[in-house]
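*Asks:* Provided herewith is a single structure, encoded as structure tokens, for subsequent inquiry.
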Amino acid sequence: MDTFDPDDIATINSAAALAEELVSNHYKMSASQWLKRRYDIRTLSDLDPGEIIHGPFAQIIRYEGHRRDRSLGSSAYDFYKICLQDHTILTALAQYRQLQLSPFILYIVTHELIHIVRFTRFLQQFDAAPEDRLAEEKRVHAMTHQVLAPVRVSGLADVLEFYGEWRIPYDGMRQQQNIS
Ligand SMILES: [Zn+2]
């Protein structure tokens, strides 16, 4: 399967940093708040076989962690891994020539971060029924559009148009056994 090259990874890192900033601002979270410590972004070369899927551009894996320091209060926390599917993203870039990697990743990561914010705020259940997931998927795409509409990034308008017409299949989501 095709994987991102080092130039792609550099592009992805800066697009993901912008996505994090936009989502933090939108939900009025300070830099010291949870977002940075609650998720991680991985690409295909770092994924386990179970984290690789075919169809969606990304899969979110939720881990339940337990803090060792019980004096801090709540000892259980969730950690999310955004697993980018290089092969599917690269295929889409080859197929839809109007798409560019940087704004495409900006959209994908913004979208996944909005999912994660909503899970952590209990606005949506991670393991919702399929019909609820589809409704949530539409809501999260609408919110992604709302967050990105005012952003001036080259090629972003083409990505928004692409997603305006094509909003299926929804992302993979999997619960992984606990980490500690
Ligand atoms: Zn989604």
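*Asks:* Go through the residues of segment 52-72 one by one and say whether even a single one is modelled with pLDDT under 90, aliphatic (A, V, I, L, M) and farther than 19 Å from LEU106 by Cα.
*Replies:* Yes.
Every residue, every condition in (1) under 22 Å from SER14 (Cα atoms); (2) polar (S, T, N, Q); (3) at pLDDT below 95; (4) out of contact with any Pro (no Cβ under 9 Å at 6 or more places or on another chain), yes or no:
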position: LEU84; (1), (2), (3), (4): yes, no, no, yes
position: GLN95; (1), (2), (3), (4): no, yes, yes, yes
position: VAL117; (1), (2), (3), (4): yes, no, yes, yes
position: ARG121; (1), (2), (3), (4): no, no, yes, yes
position: PRO169; (1), (2), (3), (4): no, no, yes, no
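*Asks:* Take THR110 and tell me if it is in a helix (DSSP H, G or I), within 11 Å of the ligand (Cβ to nearest atom) and among the polar types (S, T, N, Q).
*Replies:* Taking the combined requirement at face value, the residue satisfies it.
*Asks:* Regarding LEU123, is this residue under 23 Å from HIS26 (Cα atoms), within 14 Å of the ligand (Cβ to nearest atom), of a type outside the set (Asp, Glu) and without any contact (Cβ under 8 Å) to a residue 60 or more places away in the chain?
*Replies:* yes
*Asks:* OK, next. Do any residues in segment 129-142 that are among the acidic types (Asp, Glu) have Cβ atoms under 6 Å from those of residues that are within 8 Å of the ligand (Cβ to nearest atom), where the two are at least six apart or on different chains, and which pairs are they?
*Replies:* Note: pairs meeting the criteria are GLU137/TYR170.
*Asks:* Exactly one condition in (1) touching a residue at least 24 places away in the same chain (Cβ under 8 Å); (2) more than 16 Å from the ligand (Cβ to nearest atom) is not met by ARG152; state its number.
*Replies:* All conditions are met except number (1).
*Asks:* Filter segment 113-145 down to residues that are among the hydrophobic types (A, V, I, L, M, F, W, C) and outside any helix (DSSP H, G or I) and give me whichever is surrounded by the fewest Cβ atoms within 10 Å (Cβ to Cβ).
*Replies:* Kept after step one, since they are among the hydrophobic types (A, V, I, L, M, F, W, C), are these residues of segment 113-145: 113-114, 116-117, 119, 122-123, 126, 128-129, 134-135, 140, 142-143.
Applying the additional criterion that residues be outside any helix (DSSP H, G or I) yields 122-123, 126, 128-129.
On the way: PHE122: 7, LEU123: 12, PHE126: 17, ALA128: 14, ALA129: 9.
Residue satisfying both the conditions and the ranking: PHE122.
The values are calculated or read from the model by the stated rules, or taken from the named source; none is laboratory data. All figures in this text were calculated on a predicted structure; none of them were measured in a lab. Please note: Cβ atoms are built from the backbone with ideal geometry, for glycine as well, and neighbour counts cover all protein chains shown.
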